[in-house]
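The values are calculated or read from the model by the stated rules, or taken from the named source; none is laboratory data. Quantities reported herein were computed from a predicted structural model and do not represent experimental measurements. Here the Cβ positions follow ideal geometry from the backbone for every residue, glycine too, while neighbour counts run over all protein chains shown. Note: accessible area is taken over every heavy atom of the protein model, side chains too, but ligands, DNA and RNA are not part of it. Shrake-Rupley method; radii C 1.70, N 1.55, O 1.52, S 1.80 Å.
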Amino acid sequence: MSVRPATTADLPLLGPLEDTGDRQFTDLFGDLGWPAATPGEERAGVPGFLLVATDDETPGAPVVGFAHVLDLGGAWHLEQLSVDPDHQGRGHGTALLAAVDTEVAARGGGTLTLMTYAAVAWNGPFYARRGWAEVEPPARLAPMLAAEEREGLARHGRRIAMERR
């Protein structure tokens with residue numbers, strides 16, 4: 001498998017990839033009422049970085065996962081980690097997280113946050129097994145908390161902030 005920075009050609013693939021992953025939440029929670037995924041082009045337009053995962057290093061290998069990390073004025077936030085369900089359980093998510101850590105460190109960061117469901121197996125427990133700890137949401141996450149409230153995410157289960165140094 002390979003993890004690399006997203007290219008312009010990858011951007012149109014990210015929204016549909018996230019939507020595919022979100023179907024797992026539909027299976028778990030029923031009708032979500034969530035908006036469509038943020039297009040990759042929009043993600044690329046905000047401060048931070050995008051990484052993609054493929055099954056191998058062959059040029060043109062299909063993108064099977066991605067990570068979007070926001071730069072919140074020098075604080076780093078994992079806004080989205082998505083892996084195609086057909087490719088889950090093969091280490092793509094873990095590889096993306098390792099690459100995120102490397103990139104954040106290269107940019108001078110030392111702490112990374114995220115927001116997730118506490119009890120969904122591929123959310124809170126997945127991150128906890130990889131060294132993330134639940135924390136009180138820092139003030140810089142207020143815009144994310146407000147967006148989650150507008151979208152009604154908490155109706156499906158407890159939402160938590162997690163951090164890894």
> What is the one condition in (1) over 20 Å from Arg90 (Cα atoms); (2) touching a residue at least 40 places away in the same chain (Cβ under 8 Å); (3) not aromatic (Phe, Trp, Tyr) that Val3 does not satisfy?
Replying inline: (1)
> How many residues are outside any loop (DSSP other than H, G, I, E, B), surrounded by 19 or more Cβ atoms within 10 Å (Cβ to Cβ) and not small (Gly, Ala, Ser) when one looks only at the stretch 112-125?
Replying inline: 6
>> Among the residues that make up the stretch 67-85, is at least one of them out of contact with any Pro (no Cβ under 7 Å at 6 or more places or on another chain), of a type in the set (D, E, K, R) and either closer than 19 Å to Asp10 by Cβ or open to solvent by 40 Å² or more (accessible area, probe 1.4 Å) (or both)?
In response: yes
> Across the stretch 138-165, which residue is nearest to Asp71 (Cα to Cα) among those that are outside any helix (DSSP H, G or I) and open to solvent by 50 Å² or more (accessible area, probe 1.4 Å)?
Replying inline: Arg165
> Residue check, His92 against (1) buried (at least 20 other Cβ atoms within 10 Å of the Cβ); (2) touching a helix residue (DSSP H, G or I) at 6+ places or on another chain (Cβ under 8 Å), all met but one. Which one?
Replying inline: (2)
> If we scan the stretch 47-62, do we find a residue that is in contact with a strand residue (DSSP E or B) (Cβ under 8 Å, 6 or more places away or on another chain), open to solvent by less than 20 Å² (accessible area, probe 1.4 Å) and closer than 25 Å to His156 by Cβ?
Replying inline: no
> Here are some residues: Arg107, Arg43. Which one is open to solvent by 50 Å² or more (accessible area, probe 1.4 Å) and either over 22 Å from Glu163 (Cβ atoms) or at pLDDT 95 or above (or both)?
Replying inline: Arg107
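Would you call Thr102 among the hydroxyl-bearing types (Ser, Thr, Tyr) and open to solvent by 40 Å² or more (accessible area, probe 1.4 Å)?
yes
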> What single numbered condition from (1) at pLDDT 95 or above; (2) charged (D, E, K, R); (3) open to solvent by 60 Å² or more (accessible area, probe 1.4 Å); (4) over 30 Å from Asp31 (Cβ atoms) fails to hold for Glu134?
Replying inline: (4)
>> I'd like to check something: does the stretch 129-141 contain any residue that is closer than 25 Å to Val52 by Cα and basic (Lys, Arg)?
In response: yes
> Here is a list of conditions, (1) under 21 Å from Phe29 (Cβ atoms); (2) exposed (fewer than 12 other Cβ atoms within 10 Å of the Cβ), and Arg129 meets all of them except one; can you say which number that is?
Replying inline: (1)
> Counting just the residues of the stretch 23-40 that are out of contact with any Leu (no Cβ under 7 Å at 6 or more places or on another chain) and touching a residue at least 60 places away in the same chain (Cβ under 8 Å), which one comes out surrounded by the fewest Cβ atoms within 10 Å (Cβ to Cβ)?
Replying inline: Pro35
